[in-house]
Structures are given as C-alpha cells and as structure tokens.
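Trainee: One structure, as structure tokens, below. Some questions next.
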Amino acid sequence: MEYDEKLVRFRQAHLNPFNKQGVEGKGDQDASEAIEDLLHRDVSPPDSYRCTERMMDLGLAEDHFSRPEGLFLTSDIQQLQQAIEECKQLILELPEHSERQKDAVVRLIHLRLKLQELKDPNEDEPNIRILLEHRFFKEKNKSVKQTCDKCSTIIWGLIQTWYTCTGCFYRCHNKCLNLITKSCVRSKVSHQAEYELNICPESGLDSQDYRCTECRAPISLRAIPSEARQCDYTGQYYCSNCHWNDLAVIPARVIHNWDFELRKVSRCTMRYLTLMVGRPVLKLRETNPLLFNYVEELVEIRKLRQDILLMKPYFITCKEAMEARLLLQLQDRQHFVENDEMYSLQDLIDISSGRLGCSLTEIHTTFAKHIKLDCEKCQAKGFVCELCKEGDVLFPFDSHTSVCQDCSAVFHRDCYYDNSTTCPKCARLNLRKHAVVQEPSPDALE
C-alpha cells in the first residue's frame, strides 16, 4: 500500500471523528501502520492540513507535547552542569532587570539545587555518628543555612544531610564526614584544660614546611597556591579553609597586657576558646601578680569574692537560706563559692566591661541582707568586739572589721591594730589547753 493512501486513511480515522467512511474493517490496522511510518519519516504535512484559524479556535495550534520552558528532565550531573552554564550565559545576554532575566535566575537556582541534591543524595543515615572522638548528631532543622567546617561551602539543609558535633559544634555535610582529620576539641579541653600564655608564639612558615598546620595544604604569604593566615593564639599558619578570620579575645594578651582587642584565630582555635571561655583555669596571683596593682576592678572583685566565701558557712548551716537557695545565684560562676584565686576568661571579660562588678555587688548585698537583717539565726552567729566591749554586732565580711587568722574572732579594725596584746579569744583557748594538760587523770589519782 502506498504511503499517501495510508496517510489518508489515518486522517479519516483519527483527525475527523465524524467521518467514518472507509474506516471499516482494516481501519485500525491501517492507522497503526500509518503512525509507525510517520514516526520513522520526516515528512511535512500538506498545506491543507496546516494551522488554520479554525484549528486555532479549537486550541490545536498549541504544542501540548513539547517540553515546557524551564523544565529540565536531566538526571545526569554532566547534563545539569551543561544546563547551568547555558542558563548563566542566557542571563548575561538578556536585558538587565527584565522579567525574562529574573525567570532565568530562578531557573539557575533550581538547577544548582538539583545538582547539589545529586551530589549529596538524601539517604537514610544514622542519627549519631562517632568519628575521631567527635559525636556527630544528625540535624533536623532544614531552614537554617550553615557553612561546612570541612569544605567551607554552604550546607543546604533543605536537600542535604548534615551533622553537628555535640562536643565542639563542628558542622559538616554527610559526604564530608569521612574526610575529617581533626579530632574533637572537647577531648583536649577535658584532658588538658589550660591556655597558651605566651603571646603569639610564632615559629615561622619554614617550621611548618610551608603547609597548613591542620590539613597540610601548601600555603605561602604570597597566596600562591593558597594564602597563609596566622592564628594569633597559636602563632601558627593555616590555609583559608581552616582559617576563616574569626575574631576572639586572646587569653595571653589579657593576662599580660589587660588587652581585650579581638584578633584573628583559626577555626580550631575558635572552637577551643569557645569551650574554654567559662572554665576557671587562670590563677592571676601566680601568672601576673602585678596586675592587681594596676587594675582597680580586680581588687574590688577579689574583695567581694572573699566576703562571699565568709558568708558561705552561714548559708550552709541556715535552713531558710538553703530553702531559698541563695547560693544558686552564683551557679554560673561556681568557682566563686569555692575559692578567690581562680578566674575564667569570661570573668576577666566581664570585669573589663563592668558587668561582673555590678552583678556581684547585687548578690553581695542580697547575701548580707539575709545574714544581718532577715534571719535571726544568722544574726545570732555574729561577734562582739572583745577589745572595746561595744554592743554592735560584727560579722567577718563587714568592711570595718578584722578577723583573727588563728581563731576567726572578729574585732573592729581600729581596735585590732591598736591592741598590742594577743587576741583575747586565742589567750582563753591557750589557757584552756594548758589546764587540760596539767589536770591529772583519774588513774593517776588512784
């Protein structure tokens, strides 16, 4: 059968459903043969069957089987990359601020998201991963945009799986987990909680073999092949992936120079300082005792801490104070009720800004008010100066009193220093001891 005859039968059977003449019997078979021939031939339809106004009215002019603009069915990474490059070129060619350019930009974003999804598929991953002492927890927040600490690229939480270390807050893609080479900083804080107290101890790039301290990537001061960035805390050099120019207060500069200026540190150092900032590991009297001669705020804080330590025995033996949980007002600075020597870096920062002085003064006032005014049991534990015999009740944390170092008796300061003799309470205790020693035992009398 000739092709033209097949084509005529196909049109009669399908294009015109009202014309059933000549479609009996072999019409369906002939139509199928015509479709098969049309799929394998490149033949233009006759002019009589081209688009007319009647066909336009019926909606037949629209190509319902063509691919809509902006819809990409590619699933291969190379094809997506090619589509991204074509879309970028199209954006450059289109007029600026035009609607078509805006649509192209939106299309480019969708293409890049699709590419990221293919590179890091959203698979079922365990909620907890333990690696190099890191304890990674799978994040479920999809709306927060973070940056991967390993590859320094954006984490698209909507389509990518990412983890956060519960110890040092290290964040990374799921695909970057197996590439991590640095152990968790939390382990260092737990086993070796101390600061580098030398100011920027630089040793030079040659001691590092011109490589990044952390990832061992080649670096140089000329930024070829990668820029060398110095950490002001360790004095060592890092690449741009391991050093993001984070700013932090350097403990050594604070202790030696009382300098709180923010300086650039590496990512690893930033995490370490963040974990260490609240730990009381600085003993100023041993490291730099002269600092108390030049910083008045330190002297005031030391006096307040000494007074709080003197108030602590009152609260421990007072039922009302224990029920009111007065000591919990210092729960963020637990070391303040243990000693007056250790400081954390956060303490020194708050002293410099004035925040610690104000808050500690309020707590000191609250504690003193409970002991001297509110609680009768605590008032009964006061002292009377045995040197002047005046009737006012004294407490060891009063500013005008002095405390005997041997028996903890409290006196007026002026009375204590004007007295040339020994402490009356100490004298009584010594007499009592001698009396006990000289008194004969009942066995000796028998």
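Trainee: Under a plain spin-label model, where a point goes 7 Å from the Cα along Cα-to-Cβ, how far apart in nm are Glu133 and Trp244?
Mentor: That separation, rounded to one decimal, is 2.2 nm.
Trainee: Given points 7 Å out from each Cα along the Cα-Cβ axis, report the Arg302 to Ser98 separation in nanometres with one decimal.
Mentor: About 7.5 nm separates the two model spin labels.
Trainee: From the cross-link list Lys182/Lys312; Lys377/Lys433; Lys88/Lys182; Lys264/Lys312; Lys175/Lys283; Lys88/Lys264, which pairs have alpha carbons spaced over 32 Å apart?
Mentor: From the list (Lys182/Lys312; Lys377/Lys433; Lys88/Lys182; Lys264/Lys312; Lys175/Lys283; Lys88/Lys264), the Cα-Cα distance tops 32 Å for Lys182/Lys312; Lys88/Lys182; Lys264/Lys312; Lys175/Lys283; Lys88/Lys264.
Trainee: Please give the direction-averaged projected area of the C-alpha convex hull for the range 382-435, in square nanometres with one decimal.
Mentor: Over all viewing directions, the range 382-435 projects a mean Cα-hull area of 3.9 nm².
Trainee: Using the Cα centre of the range 193-277 as origin and beta-carbon charges of +1 (Lys, Arg) and -1 (Asp, Glu), tell me which of Val254, Tyr233, Cys212 is placed farthest towards the positive end of the dipole.
Mentor: Checked the options; the winner is Cys212.
Trainee: Right, something else. Is the range 128-185 best put as rounded, prolate or oblate by its Cα gyration tensor, with a ≥ b ≥ c the root eigenvalues, rounded for a/c under 1.5, and otherwise prolate when a/b is larger than b/c, oblate when not?
Mentor: Note, shape of the range 128-185 comes out prolate.
Trainee: Additional query: List, in order, the whole-Hz ³J(HN,Hα) value for each residue of the range 172-177 obtained from phi through the Karplus relation with A = 6.51, B = -1.76, C = 1.60 and θ = phi - 60°; use x for Gly and Pro.
Mentor: 7, 5, 4, 6, 9, 4
Trainee: On average, how much accessible surface per residue is there in the range 214-312, in Å², for a 1.4 Å probe, leaving out ligands, DNA and RNA?
Mentor: Ligands and nucleic acids excluded, the result is 48 Å² per residue.
Trainee: Something else: Net charge around Thr164, counting only other residues with Cβ within less than 11 Å of its Cβ (Lys, Arg = +1; Asp, Glu = -1)?
Mentor: +3
Trainee: Now for a separate question. What's the whole-number percent of alpha carbon pairs in the range 290-380 lying beyond 19 angstrom?
Mentor: Roughly 39 percent, once rounded to a whole number.
Trainee: Determine, from the Cβ-Cβ distance of Ser183 and Leu328 and an R0 of 35 Å, the FRET efficiency 1/(1 + (r/R0)^6), rounded to the nearest 0.05.
Mentor: Working from the Cβ atoms, E equals 0.50.
Trainee: With a 1.4 Å probe and every protein chain left in place, work out the accessible area per residue of the range 128-185 in Å², rounded to a whole number.
Mentor: Per-residue accessible area for the range 128-185 comes out at 52 Å².
Trainee: With bins 5 Å wide starting at 0, give me the P(r) of the range 242-302 over every alpha carbon pair, in whole percents.
Mentor: Spelled out bin by bin, the range 242-302 gives 4, 16, 23, 23, 16, 10, 6, 2, 0 percent.
Trainee: At a 1.4 Å probe radius, which order do Phe169, Phe411 fall into by accessible area, largest first?
Mentor: Sorted descending by solvent-accessible area, the residues read Phe169, Phe411.
Trainee: Let me ask something additional. Report the charge-dipole magnitude of the range 193-277 in Debye, nearest 20, computed about the Cα centre from +1 at each Lys and Arg Cβ and -1 at each Asp and Glu Cβ.
Mentor: Using Cβ point charges on Lys, Arg, Asp and Glu, the range 193-277 gives about 260 debye.
Trainee: I'd like the carbon and sulfur percentage of the solvent accessible area for the range 209-255, probe radius 1.4 Å, heavy atoms only, ligands and nucleic acids excluded.
Mentor: It is 46 percent, rounded to a whole number.
Trainee: Still on this structure, please answer the following. Just to verify a number: FRET efficiency for Ala223 and Lys283, C-beta to C-beta distance, R0 = 35 Å, to 0.05?
Mentor: For Ala223 and Lys283, the calculated efficiency is 0.25.
Trainee: Follow-up. Could you check the spin-label model distance between Glu341 and Ser152? Points 7 Å from the Cα along Cα→Cβ, value in nm.
Mentor: So the label points at Glu341 and Ser152 sit 4.4 nm apart.
Trainee: May I ask you to give the percent of accessible area on the range 376-421 that is carbon plus sulfur, with a probe radius of 1.4 Å?
Mentor: 46 percent
Trainee: Mind jotting down the distance between the C-alpha centroids of the range 141-172 and the range 324-345, whole Å?
Mentor: Comparing the Cα centres of the range 324-345 and the range 141-172, I get a distance of 35 Å.
Trainee: Which value, in Å³ per residue, describes the convex hull spanned by the Cα atoms of the range 165-269?
Mentor: 119 Å³
The values are calculated or read from the model by the stated rules, or taken from the named source; none is laboratory data. Predicted model, so just to flag it, every value in this text is computed and none were measured. Glycine gets a Cβ as well: all are built from the backbone with ideal geometry, and neighbour counts include every protein chain shown. Quick note on the areas: whole protein, heavy atoms, side chains included, nothing else; ligands and nucleic acids left out. Shrake-Rupley method; radii C 1.70, N 1.55, O 1.52, S 1.80 Å.
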